[in-house]
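Remarks on the structure that follows.
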Amino acid sequence: MTTIVMGDGELGRAVARGLRQRGDDVHLVGRPPGGHHEAATFAEAGLVVEASRGSAVLANARAAVAGGARRFVIATTAWDDDRDEVQATLRRAGAAAVAAPNFSVGVALFARLVDQAAVLFAGIEGFEPYVVEWHRRTKTDRPSGTARMLATRIAAASAGRADAPALEVVSVRAGSSPGMHLVGFDAAGETVELRLTARDRSPYVAGIFAAADWLDRQSRTPGLHPFDPVLDELLARAATVRETPLVVS
Ligand SMILES: NC(=O)c1ccc[n+]([C@@H]2O[C@H](COP(=O)([O-])OP(=O)(O)OC[C@H]3O[C@@H](n4cnc5c(N)ncnc54)[C@H](OP(=O)(O)O)[C@@H]3O)[C@@H](O)[C@H]2O)c1
């Protein structure tokens, strides 16, 4: 079976490189000349990794299920408006997808730290949260999908509070940064910041592979799945390894 990687940009090429290093058969697919992919492109697809543009995700998913693809990892961001249609397309076809704006395990753990911090600081008067994200100049969507995900989680911590200040989310597009996200809580006399800096795209590729393995391990419910259950399985397996007694022969 072949893994079809949709999107021949930075991420798609990094994923394809990693898959080839694992010895997998890979087909890297760029923007189609006529605007839409042929279903036949996906005839041999064991897995489709979506890494193109948000505006292409729905059409790509429709073409892929029409061609017989049933397992997807959707890394592309900025397709929120098409989410319901993508969900329906997958469910109708009995296809399962892991979709996340960020597949880095570090980011997923960072998001859980932000959840906890947001709850702690929401309980103390005077602390105001904010989000800053910085990516390379050529990144088109802003705020980044990850910044929007973090903002949603921070807002959830003060849901129902009439006095909660509007959350500032600031995007910087400059240079070649592969991604920096900073979550701060500022009060009159002090600032607390959680910062996550990506040095390259390898964490995204590793997380995409983890999601693909999760889909492989057992049949999953048709439709979209977040990255959280993949992370939970990774954490559970890490805990099992730690608990395994060391046998000295
Ligand atoms: N979830 C994650 O962990 C994660 C991590 C990094 C990036 N991302 C997201 O992944 C996506 C790709 O990122 P990137 O950095 O690789 O962007 P990129 O360098 O701009 O690459 C996107 C590529 O997709 C091509 N494309 C456009 N329409 C297509 C279609 N219908 N089918 C196949 N390919 C198509 C583009 O061609 P044209 O230039 O001709 O449009 C471009 O070559 C973005 O949405 C980004 O935000 C997600």
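The values are calculated or read from the model by the stated rules, or taken from the named source; none is laboratory data. As the structure is a computational prediction, the values presented were derived from the model and not from experiment. Methodologically, a virtual Cβ is constructed for each residue, glycine included, from the backbone with ideal geometry; neighbour enumeration extends over all protein chains shown.
Look at the stretch 186-204: where a residue is in contact (Cβ under 8 Å) with a residue 24 or more places away in the chain and part of a helix (DSSP H, G or I), no partner that is loosely packed, with under 14 Cβ neighbours inside 10 Å and of a type in the set (A, V, I, L, M) sits 6+ places away or on another chain with Cβ atoms under 8 Å.
Which condition does Ser52 not pass, out of (1) touching a Gly at 6+ places or on another chain (Cβ under 9 Å); (2) loosely packed, with under 15 Cβ neighbours inside 10 Å; (3) closer than 26 Å to Arg92 by Cα, if it passes all the others? So Ser52 meets the others, but not (2).
Yes/no per residue for (1) at pLDDT 95 or above; (2) part of a loop (DSSP other than H, G, I, E, B):
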site	(1), (2)
Glu125	no, yes
Val132	yes, no
Thr138	no, yes
Asp141	no, yes
Met149	no, no
Ile154	yes, no
Gly160	no, yes
Asp163	no, yes
Ala166	no, yes
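All conditions but one from (1) in contact with a Gly (Cβ under 9 Å, 6 or more places away or on another chain); (2) under 19 Å from Phe227 (Cα atoms); (3) in contact (Cβ under 8 Å) with a residue 60 or more places away in the chain apply to Arg83; the one that does not is (1). Remark: pairs (first residue in the stretch 222-235, under 15 Å from Leu109 (Cβ atoms); second residue at pLDDT 95 or above and assigned to a strand (DSSP E or B); Cβ separation under 7 Å; 6+ apart in sequence or on different chains) = Phe227/Val98; Val230/Val98.
Taken over the stretch 133-178, the residue count meeting the criterion of being touching a Ser or Thr at 6+ places or on another chain (Cβ under 6 Å) and under 21 Å from Gln116 (Cβ atoms) is 2. Applying the criterion of being buried (at least 18 other Cβ atoms within 10 Å of the Cβ) and within 12 Å of the ligand (Cβ to nearest atom) to the residues of the stretch 182-209, the residue that is farthest from Ala45 (Cα to Cα) is Ala198. When the criteria are applied in full, Ala212 meets the requirement of being touching a residue at least 12 places away in the same chain (Cβ under 8 Å) and outside any loop (DSSP other than H, G, I, E, B). Restricted to the stretch 102-113, and to residues there that are over 12 Å from Glu50 (Cβ atoms) and not in a helix (DSSP H, G or I), the residue that is nearest to the ligand (Cβ to nearest atom) is Asn102. Among the residues making up the stretch 1-52, a single one is within 10 Å of the ligand (Cβ to nearest atom), among the hydroxyl-bearing types (Ser, Thr, Tyr) and over 16 Å from Val205 (Cα atoms): Thr41. Against the numbered list (1) without any contact (Cβ under 8 Å) to a residue 40 or more places away in the chain; (2) crowded, with 16+ Cβ neighbours inside 10 Å, Arg92 comes up short only at (2). Here the stretch 152-168 is the region considered, the condition is being within 26 Å of Thr138 (Cα to Cα) and away from the ligand (no atom under 16 Å from the Cβ), and the residue that is surrounded by the fewest Cβ atoms within 10 Å (Cβ to Cβ) is Glu168.
Counting only strands (runs of 3 or more DSSP E) that sit completely within the stretch 1-89, those holding 3 or more residues that are of a type in the set (Val, Ile, Thr) correspond to 2-6.
In this structure, does Gly123 turn out to be within 16 Å of the ligand (Cβ to nearest atom), surrounded by fewer than 17 Cβ atoms within 10 Å (Cβ to Cβ) and either of a type outside the set (Val, Ile, Thr) or in contact (Cβ under 8 Å) with a residue 40 or more places away in the chain (or both)? No.
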